[in-house]
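One structure is given here, and the rest of the page talks about it.
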Amino acid sequence: MTTIETVRGPIAVEDIGVTLTHEHIFTKNPEIEQNWPDPEWEGEEPMIQKAVDALTALKANGIDTMVDLTVPGLGRYIPRIQQVAARVDLNIVVATGFYTFKDLPSFFQTHGPGLMVDGPELMSEFFVRDITEGIGDTGVKAVFIKIATDEFGITPGVERVMNAAAEAHKATGATISTHTHVEHFTGRLQQEFFRKAGVPLENVLIGHCGDSTDLDYLKELMDNGSTIGLDRFGMEQVLRDDRRIEMLVQLIELGYAEKITLSHDAGIFSINTPPSWRSRVSPNWHHANISDNILPAIRERGVSEESIRQIMVTNAARVLTGRR
Ligand SMILES: [Zn+2]
């Protein structure tokens, strides 16, 4: 039986159900917040309750599983996620990896092969440990490996993360899930890099592709083997949802339903884009937008239940399973 690791332990892949593949719950910065508390972080219990309420409503609306891609660099703290997971029916799946657009923290700049504290590449060991043994002392195992390639491209720091991700993929088979910047076509850079590194592009989920209206670029990524994430529904300050829906419907009509996953990249709290800013600038950017608005809209456009199931269930189960 193929199982998928969730925060509450392994479940059968058949039970994954309708899945959001790229979300966040709490995006934090402990060092900033320990010194300069954020007034919008209302405290541990109130914020955990907020997440529990939102995810309980989401489950009632037909979402069964959420992937929380909050990795180190974004304030991953699994004990807090465990408290949420213990109080909701919805499955939460977590990730390893490292989130940076440019540089690594000084810890990684001083530790590694040929560096001041000479030794092995700890990052790949950390990623593998998160997937095979569990994160910290929680026993919770990561499923995806997250990397980011933004407007600066593959900087030396990003290259180290991507190399570590490739190593961890080869050791574990886990899918690499990415952040891209569509105006700089960084999904292309990622495919070139991982192809050279010996990672099958079928095992790379290229994220944030829904920010693009360039059909040729998206087709190229999928024709090369990758699944793409149309994973920022509601992030209308980048691209309006009607344009995102238009791209999704076109791709399905062109026969790409097997290569797409949907999500919001939303969160309950983010120190980077706080709740007050989000509700002012992008009020539809929340975890319920797909179930409340997007799926009804594409049904109205004639997208079949079969295609919706393919995208929301079958594709999600495939990328969560990784290489087996
Ligand atoms: Zn994200």
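The values are calculated or read from the model by the stated rules, or taken from the named source; none is laboratory data. The structure displayed is predicted, hence computed values, not measured ones. FYI the Cβ positions are ideal-geometry reconstructions off the backbone, even for glycines, and counts take in every protein chain you see. Ligands, DNA and RNA are stripped out before the accessible areas are found, and what is left, the full protein with its side chains, is counted by its heavy atoms. Shrake-Rupley method; radii C 1.70, N 1.55, O 1.52, S 1.80 Å.
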Region 46-119 to region 199-236: how many Å between their Cα centroids? 22 Å
To make sure I understand the rule: partners must be lysines, Cα under 21 Å from the Cα of LYS50, and not fewer than 8 residues away in the same chain. Which ones qualify? LYS28, LYS59
Arrange the residues TRP36, TRP277, TRP41 by how much accessible surface each exposes, largest first, with a 1.4 angstrom probe. TRP36, TRP277, TRP41
For the chain: relative contact order, % (alpha-carbon pairs under 8 angstrom, 6 or more apart): 20 percent
Could you please put ARG76, ARG323 in sequence from largest to smallest accessible area, using a 1.4 Å probe? ARG323, ARG76
Net lengthening on full extension, GLU202/LEU122 (0.36 nm per residue, minus Cα-Cα): 26.2 nm
Any idea of the accessible area per residue across the chain, 1.4 Å probe, to the nearest Å²? 42 Å²
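Quick one: in region 3-321, what % of C-alpha pairs are over 24 Å apart?
51 percent
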Using the basic label-point model (7 angstrom from Cα toward the beta carbon), what is the GLU220 to GLU45 distance in nanometres? 5.4 nm
Give the cross-link partners of LYS219 among the lysines, using a straight C-alpha distance below 23 Å as the criterion and excluding same-chain residues fewer than 8 apart. LYS146, LYS196, LYS259
Net charge near TYR77 (other residues with Cβ under 14 Å of its Cβ; Lys, Arg +1; Asp, Glu -1) is -3
With a 1.4 Å probe and every protein chain kept in, tell me what percent of the accessible surface of the chain is carbon plus sulfur. 50 percent
Cα-projected label distance for THR110 with GLU306, points at 7 Å along beta-carbon direction, nm: 6.0 nm
Pairwise label distance in nanometres, GLU192 with ASP89, each label 7 Å out on the Cα-Cβ vector: 4.8 nm
Running a GNM on the chain with Cα contacts under 10 Å, which residue among VAL143, VAL94, VAL249 ends up with the highest mean-square fluctuation? VAL249
Taking 0.36 nm per residue of separation and subtracting the Cα-Cα distance, what length does fully extending GLU183 through ASP242 add? 19.3 nm
Counting other Cβ atoms within 10 Å, which trypsin sites (Lys or Arg not before Pro) in region 97-183 have at most 14 and lie in a DSSP loop? LYS102
Could you tell me the ratio Rg/Rh of region 1-81? Both radii from Cα atoms, Rh via Kirkwood. 1.02
Can you work out the PRE-style zone for ASP137? Point 7 Å along Cα to Cβ, and I want the residues of region 71-106 with backbone N under 14 Å. 79
